[in-house]
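Worksheet: the structure to be examined is printed underneath.
The values are calculated or read from the model by the stated rules, or taken from the named source; none is laboratory data. Note that the structure is predicted; figures quoted are calculated from it, not measured. When we count neighbours, we look across all protein chains shown, and the Cβ atoms used for this are built from the backbone with ideal geometry, even at glycine. SASA here: full protein model, heavy atoms, side chains in, ligands and nucleic acids out. Shrake-Rupley method; radii C 1.70, N 1.55, O 1.52, S 1.80 Å.
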Amino acid sequence: MAELVEELKEKIIDQLSLEDIEVSDIDNNDPLFGDGLGLDSIDALELIVLLEKEYGIKLTDPKEGKAIFQSVQVMADYITKHRTK
Amino acid sequence: MSKCYIKGIASITAQPTTVEDQFLEEIISYQESIFRASDPNYKEFIKPAAMRRMSKAVKMGVTASQMALKQANIEQPDAIITGTGMGCRQDSEKFLEKILYDDEQYLTPTLFIQSTHNTVGGQIALGLKCKAYNVTYVQSAVSFESAIIDAQLMLDEQPNSNIMVGGIDEIAKTSSRFHILNGDVKKEEIHNLELLSSTTTGTIASEGATFMVIGNEDTTNNIAEIVDVEIKYSASVEEIKKDILEFIARNDLEITAIDAIVLGNNGDHSFDHYYQELQQTLFKDTEQLYYKHLIGEYHTASAFAYWIGTKIFEYKNVPDVLRLNDKKSQEHKNILIYNHYRGENHSIALLRKC
Amino acid sequence: MSKGIAITGMGIISSIGNTVAENLSSLRAAKPGITRLDLIETRHRDAIMVGEIKKSNAELETQIGLAKDNNLSRTSMLGIIAAREAIVQASIDDIDAYRTGFISGTSVGGMDMTERYYTTYQESPEFRKYIATQHAGATTGDIARHLGIRGYVTTISTACSSAANAIMLGARMIKAGKLDRVIVGGTDGMSKFTINGFGTLMILSDEACTPFDENRKGLNLGEAAAYIVLESDKIVKKENKKVLGYVSGWANANDAFHQTASSAEGEGAYLAMKEALDIAEITPDAIDYVNVHGTATPNNDMSEGTAMLRIFGKENIPVFSSTKAFTGHTLAAAASVEAVFSLLSLQENMVFPNLNFKTPIEALDMTPQTTCLEKELNVILSNSFGFGGNCSTLIFTKA
């Protein structure tokens, strides 16, 4: 799990071009949207693509993302349960 | 008609034109037919969080717009009107390549959002929280001039306003090179400063952003007045000569009152005869200037001619690197600008010193 | 009330008809043009519904009479067909008789050809003629050349509000006396680029779209071209022209909220409607019908509805409908398609229905007109919004 969390952080930084942010800057339980990393609705769509491309998880309704993208930890838990690759 | 004054102007080009208190003193030379703009430090103008999704066109546009606003000493414009030939070409190209090479899978929204032509205008509005009129023109070599004509209309409709007008274009890795394949850009390597000795077709390509703030309030800060601008989609050389004569006449001038003409010669053997004909006939006794050997050709390159005109008024001096002939005016009051691209989308403009 | 600028011709090609008359007949019959995609190969075929014009490029070339070696995009060809109809209706024989301009809106330009030949350019010289086709202004140039317009020609590209801004600019140019006559509107052909682009935003519906419905799932992309002819009072008088209607109000404002999404309070839409009413010198109660932008995305309809509540007040919302369920969202052409529909509404005294509507949006409680309604119409307001916070409103009045 710890490995997945680290990998996920790297992928998020890459996918969202968070140039000035390092893996160590992201706390596992920090909120990704709003006060935490300050991501927005376009980032949410980017993360949906990341789930599909990297882990074979396909979301059809962008609203589903809300619950999944709460934090890196929540995302990692979801991926562990639902990944197809 | 309402007056139209340039209150601030800034240009990012392949030359170090953003360096303060300089007018083409340092010149960069290039040895290829496609070259990039010389970047200012974008971080001074754009916050990192806003920057992460910005392609070069957006960075150049936002930065040049900030510089122009600062020079005009204005915080909020009353309209944002931009011109661009290809918009955010890099992101459009990346998105298209993903569609074509990844079989329409794993596409991400950011590239598509940026591909819209009005992205730069929209991003400037977003940054300034400016809810005013915001339109983008995409008409080849008259994209920037179309924006000025709209701004002039608006100054008539809403006196005492300040309007931001800008032109932006960027180079993209693959699609810019396509223009070598179709002959728009020269195949051979070429030294940019020797552009006009080229005997081949095609031109040299680059990128840049020029923004200005224009208004109709008569203040001591005004640098130049845009007296008149006209665009014409299609014309023969003879028609252009006639149009220019009519243009000068309708502004109550004679050719002898034109202190310099800034021409868009781009080294394309097939189309530079429009300029050469003017050089050899109507304007043979006029100071003739050009600039595309310095900044390359792109759809909004002619915006740089407005920057040059403004700087000549400001510095009371013409850098020799701009000269096409040996005529020199003692003083510069009226500067005429003429441009076209491949015989289409012609523009004529008159600048006057304030 | 401001008299506005006279409209003397209109032309259209959309998924519900190849001429104005065919479009009118589909609108009256409540017959939509929303189907599966047939003319472009895409892996998304079964996941989307579209408003596609069922004519191949070869058929369009033949209809126009183009030479074999032409390099026109679908966007250009649709534009030529619609603009030609507008000019014929306006009885323009000599295009040079007056200072005539052409202002066109497009978002994709020649992207349909670029995406078809992009991977071949390096190897195949025969397709390189399409390299220059991609530039949006090349589309406008193709149409201008076909019409013989050589003077003031320009393109506006503000995504889905492009044609509204083109119509607005044309009206302002005539009002300022800079042109005597101008053909204005927009054109966008279907492309894989936009299908995939809107797909990434997850706002494409897999069913026929349901504007202003609580359970709306997103938009259907469409393709179309539509143009109208604006002429000065001087020409109208001198040539005793038949006037189809007037464009009497116009405005563009920016939401300045988000790159693609509209603000919850619909600020940009509110400002555009308010300023357009001011230009037309009328109050909201003068509006007989609103042709809404109504794309059927969750975000647009909520935001636009909120802005309408702010402008008109809950008790005084005029009759409104979105015609996007007929044509799909035709992007840069949408505002000119809906300008033609608004002129037809004025001419026929008929509101065309908002198809597929069942349940009002709970938070708005606004119900569009769902059947053809015969009603005397004198003033129509039409909205069009685009990416980059771009919000435009036009007002059309009866001749």
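Using a probe of 1.4 Å on the protein chains alone, the accessible area found for B:E254 is around 130 Å². Remark on C:V153: its backbone amide H falls under 5 Å from those of B:Y233, C:F102, a criterion applied only to residues 5 or more positions apart or on other chains, H modelled at 1.01 Å from N. Label positions at B:D21 and C:A264, each projected 7 Å from the Cα along the C-beta direction, are separated by 5.1 nm.
List the GluC sites (Glu not before Pro) within the range A:1-43 that DSSP assigns to loop and that have no more than 11 neighbouring Cβ atoms inside 10 Å. Intermediate values should be presented prior to the final figure.
Details: sites: A:E3, A:E6, A:E7, A:E10, A:E19, A:E22; in loops: A:E19, A:E22.
Sites meeting the loop and neighbour criteria: A:E19, A:E22.
Potential lengthening of the chain between B:E75 and B:S197 amounts to 39.4 nm, from the contour at 0.36 nm per residue minus the alpha-carbon distance.
Taking only protein heavy atoms and a 1.4 Å probe, what accessible area per residue, in Å², does the protein assembly as shown have with all protein chains in place?
Details: 29730 Å² over 838 residues.
Heavy-atom SASA per residue in the protein assembly as shown reads 35 Å².
Accessible surface of A:V5, taken over heavy atoms with a 1.4 Å probe and every protein chain present, rounds to 0 Å². Treating r as the C-beta distance of B:K316 and C:A97 and R0 as 51 Å, the FRET efficiency rounds to 0.60. Summary of the geometry: the range C:127-194 and the range B:59-74, compared by the centres of their Cα atoms, lie 29 Å apart.
Rounded to the nearest 500 deg cm²/dmol, what is the calculated helix-only ellipticity per residue at 222 nm for the protein assembly as shown, with -39500 (n - 2.57) per DSSP H run of length n ≥ 4?
Details: 27 runs with 285 residues, N = 838.
Taken over the protein assembly as shown, the calculation gives -10000 deg cm²/dmol.
Does the protein assembly as shown come out rounded, prolate or oblate by the C-alpha gyration tensor, with a ≥ b ≥ c the root eigenvalues, rounded set by a/c under 1.5 and, if not, prolate when a/b is larger than b/c and oblate if not?
On the way: a/c = 1.57, a/b = 1.18, b/c = 1.33.
Verdict is oblate for the protein assembly as shown.
The mean number of partner chain beta-carbon atoms within 10 angstrom of a residue's beta-carbon across peptide B:174-185 is 4.
Within the range C:293-339, list the GluC sites (Glu not before Pro) lying in a DSSP loop whose Cβ has at most 11 other Cβ atoms in a 10 Å radius. Spell out each step's value before the answer.
Values: sites: C:E304, C:E315, C:E338; in loops: none.
Here no loop site has a sparse enough neighbourhood.
Accessible surface of A:K58, taken over heavy atoms with a 1.4 Å probe and every protein chain present, rounds to 140 Å².
Here the spin labels are modelled as points 7 Å beyond Cα on the Cα-Cβ line, and at B:D285 and A:I21 they lie 6.8 nm apart. A Förster radius of 22 Å combined with the Cβ-Cβ distance from A:K85 to B:R177 puts the calculated FRET efficiency at roughly 0.05.
Based on the Cβ-Cβ distance of C:T370 and C:R45, what FRET efficiency does E = 1/(1 + (r/R0)^6) give at R0 = 35 Å, to the nearest 0.05? Approximately 0.75, to the nearest 0.05.
Here is what passes the span test in chain B: the DSSP H helices with alpha carbon length of 15 Å or more along the helix axis and a Kyte-Doolittle mean of -1.0 or above are B:56-72, B:143-157, B:237-250, B:303-315.
Surface composition of the protein assembly as shown: carbon plus sulfur atoms hold 47% of the accessible area, using a 1.4 angstrom probe and ignoring ligands, DNA and RNA. Of all lysines in the structure, those lying under 17 Å Cα to Cα from B:K131, and not within fewer than 8 positions of it along the same chain, are C:K274.
Do any of B:K173/B:K316; B:K292/B:K353; B:K232/C:K54; B:K327/C:K178; C:K234/C:K398; A:K11/A:K66 go past 30 Å between their Cα atoms, and which? Present the calculation step by step, with values, prior to reporting the outcome.
Values: B:K173/B:K316 39 Å; B:K292/B:K353 23 Å; B:K232/C:K54 36 Å; B:K327/C:K178 35 Å; C:K234/C:K398 19 Å; A:K11/A:K66 19 Å.
Table pairs above 30 Å Cα-Cα are B:K173/B:K316; B:K232/C:K54; B:K327/C:K178.
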